[in-house]
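Everything on this sheet refers to the single structure shown next.
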Amino acid sequence: MTSPLLPYEAVIKDIRQETYDTATYTFAFKDPAAHAEYSFRPGQFNMLTILGVGEAAVSLSSDSGRRDCFQHTVRAVGSVTGSLARRKVGDVVGLRGPYGRGWPLEAAGDRDVLIVAGGIGLAPLRPVIEHVLRSRSAYGRLLLLYGARTPRDLCFTGDFERWHQGKDLEFHVTVDRIDGQPWEQNVGVVPLLLDKVKLSPVNTVALICGPEVMMKFTVIDLAKRGVPGDNIFVSMERNMKCAVAQCGHCFFGPKFVCKDGSVFSYPEIEQLWGKGV
Amino acid sequence: MAVSDRVVLSKDPNAKFLALPKEDLRRFIELLMVDYDVIAPTLSDQVKGQAITFTKLRTFADLAVGFVDSQRPGNYRLQAADDGSYFQYGNPETSLKWFLHPPRLVMWTADVAADGFKIEEEPGPERPLAFFRTTACDWQAAYVLDLIFMRDPVDPHYRKRRESALFVTCTCTRATGTCFCHDMGTGPVPNPGYDINMTETGDSFLLEAGTDKGRAILARLPLQPATPEQLAEAQSAVADVVERTSGRLNTEDLPERLMKGLEHPQWDVMKDWCLGCANCTLVCPTCFCYTTNDRISLDLKKAERERTWDFCFSWTFAAMHGANPRGELRQRYRHWLSHKLGFWVEQYGAFGCVGCGRCITWCPVEIDIAAIASIVRGDGK
């Protein structure tokens, strides 16, 4: 490969269905040397190529400490992600990366880590959960607030039992509404889960990812509870084509979501958010 | 502003000006054509010779010589020059962007098999490019494109075209009506880095080497040191251009003012005025946004990725599944102007706008970017 912008061959090692439209794909690069060289930080993403179809940004959702393989959790919403959904184990696709500014784990050292996620927004945060669980003593409390529209839309339910049972993690889950499925846990939008936890606001770093409206209300609520703006981080989503700050699609005011983000501290984007820039 | 008649003809204090008689221009061009594909102003085929555009010269005869233009908002007229001048027209409708960052470019092709694929990147142009008669504003535009494509990670396609390119820039000795290089700090005298700069006088071109590459070329031409009369004539013309390209836009604090002006009522005026036709982005020498399209042959054996220019005025530009952050034309017009004259500075350390005036000339509804920015910045202009 002559250029770092070209896709590498990546083999699908495993496919796990998360919901009716979302699956977790386990990958390894076909070339062992390329695979050995590859690593990522929680919150980063790759660009997935399906030859002849196109390219799309996909979040890395696995433990970044695992070097034998890595995972993407992808919802089928368009031509590229829809094509991926039709792949089988053993198929080869193109991947390049990692891109983006990941979550600020250094800022969270010795502090409480509060993760607030909605729907597939949990995918780029899952590496944080696994990282903190693995390096438990480096962090304070680990709190996970997660929800989706209905029980059918919850991702990573295979991890729930482990997360519920561990003493290392306080986990609350909710759904916006029930659609006839059995459900005995919380009902209501994700920001309402903040009522269930007792925060030490100044000592809490909040990492938030989900639909923009959910993130907005979560940020407002956290600010009301006294969490400083500098401690609040959100993951913005924008149309991406190049992932290297050259195609212009991901502009968010002066910010490149692919390079300056997708993770931003709240003060960085406060002036821009909600203005239609 | 007061313009002294000791206007400098070069930003290099040690510049030496050598005069090439106009009748020897052919030798200069033909010398360049030996080693380079020369990209120069020619008459446009597409509009039946009624506009100047950049194309690759097949022979010296292709060069657009002896024309003069008038450019006004939404208006471009070309006519023959009656004073023996060669290049007293302003910016061609196209710019160097069409060659450094082509409108359509197959980035790579891939051989595809069941168990994988093998990619081959496009090889780049066969011969290096020489850009002839690049105005100072367009030279600044090359610098601006460098800031985008030559920083890590370097875009290999741009680099292949840019690294070996030769630049023969020019100091305009006539301003055509919509340009404002002096306001933007980009001209009429070009910023350093060009290989050769030319300034046209009545009987000659005053040539100045800016690099060793340029010096080596000038050494092969029949040049005499410029006379004081020639220099004075050039200075007088440039002083006039300085005056005519000033006073359109005050750039002091402009990025901050545009950020503060995100809710200015002028954007509501623009949503009913702008057509969203994207002409401005086409003619702008620094608009760089692109999209990619993947294709595959019917037998699924050969795939390719093509890059094409894209336009932030299009409704789909920022659209994602489930949301469109700039779904209104008002937001998209505001984005284009606020980026070009504002956000760009934070991103790259320079304005995106170089004051070339093309967007003003080629806007079908006569929008003047400098006038709109002046309203939003709030000078009361």
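Taken together, the values in this text are just the output of simple stated rules run on the coordinates, not laboratory data. Quantities reported herein were computed from a predicted structural model and do not represent experimental measurements. Cβ placement follows ideal geometry from the backbone for every residue including glycine, while neighbour counts extend to all protein chains displayed.
Between the alpha-carbon centers of region B:141-192 and region B:344-381, tell me the distance in whole angstrom. Centre-to-centre (Cα) distance: 17 Å. Placing one equal scatterer on every Cα of chain A and applying the Debye formula, the log10 ratio I(q)/I(0) at q = 0.12, 0.15 Å⁻¹ is -0.74, -1.17. Comparing Cα centroids, region A:106-136 and region A:229-263 end up 20 angstrom apart.
A simple rule links phi to the HN-Hα coupling: the Karplus curve 6.51 cos²θ - 1.76 cosθ + 1.60 with θ = phi - 60°, which for region B:90-98 gives x, 6, x, 5, 8, 9, 5, 3, 5 Hz, with x for Gly and Pro. Structure remark: mean-square fluctuation, Gaussian network model of chain A, C-alpha springs under 10 Å; the largest value among A:223, A:243, A:108 belongs to A:223. Ranking of B:236, A:64, B:204 by neighbouring Cβ atoms within 10 Å, starting from the fewest: B:236, A:64, B:204. Under 1.5 on a/c is rounded, so check that first for chain B, then, if it is not, pick prolate when a/b is larger than b/c and oblate when it is not; a ≥ b ≥ c are the square roots of the alpha carbon gyration tensor eigenvalues. Oblate, because a/c is 1.5 or more while a/b does not exceed b/c. Measuring spread by the Cα atoms of the protein assembly as shown yields a radius of gyration and Dmax of 28.6, 94 Å. Seen through its C-alpha gyration tensor, with square-root eigenvalues sorted a ≥ b ≥ c, region A:40-179 comes out oblate because a/c lies at 1.5 or above while a/b is not bigger than b/c.
Only one residue of B:210, B:176, B:234 has its Cα farthest out toward the positive end of the dipole of region B:166-239, where Lys and Arg carry +1 and Asp and Glu -1 on Cβ, and that residue is B:210. Cβ-to-Cβ counts within 10 Å put B:44, A:235, B:338, A:137 in ascending order as A:137, B:44, B:338, A:235, the fewest first.
Note that region A:160-177 has calculated 3J(HN,Hα) couplings of 4, 4, 4, 6, 5, 7, x, 7, 7, 9, 9, 10, 10, 10, 9, 10, 4, 7 Hz, one per residue in order, obtained from phi through the Karplus relation 6.51 cos²θ - 1.76 cosθ + 1.60 (θ = phi - 60°); glycine and proline are x. Highest GNM mean-square fluctuation among B:155, B:82, B:368, for chain B modelled with Cα contacts below 10 Å: B:82. The Cα center of region B:238-285 and the Cα center of region B:290-304 differ in position by 39 Å.
In square nanometres, what is one fourth of the surface area of the convex hull spanned by the alpha carbons of region A:8-99? Convex hull of Cα atoms, orientation-averaged projection: 5.3 nm².
Among residues other than residue A:151 with Cβ under 14 Å from its Cβ, the summed charge is -2 (Lys and Arg +1, Asp and Glu -1). Kindly flag which residue pairs out of A:216/A:241; A:216/B:271; B:22/B:213; A:30/A:88; A:259/B:302 have an alpha-carbon separation exceeding 24 Å in this structure. From the list (A:216/A:241; A:216/B:271; B:22/B:213; A:30/A:88; A:259/B:302), the Cα-Cα distance tops 24 Å for A:216/A:241; A:216/B:271; A:259/B:302. With a ≥ b ≥ c taken as the square roots of the eigenvalues of the C-alpha gyration tensor of region B:142-239, please select rounded if a/c is under 1.5 and otherwise prolate if a/b is larger than b/c or oblate if it is not? Cα axes put region B:142-239 in the oblate bin.
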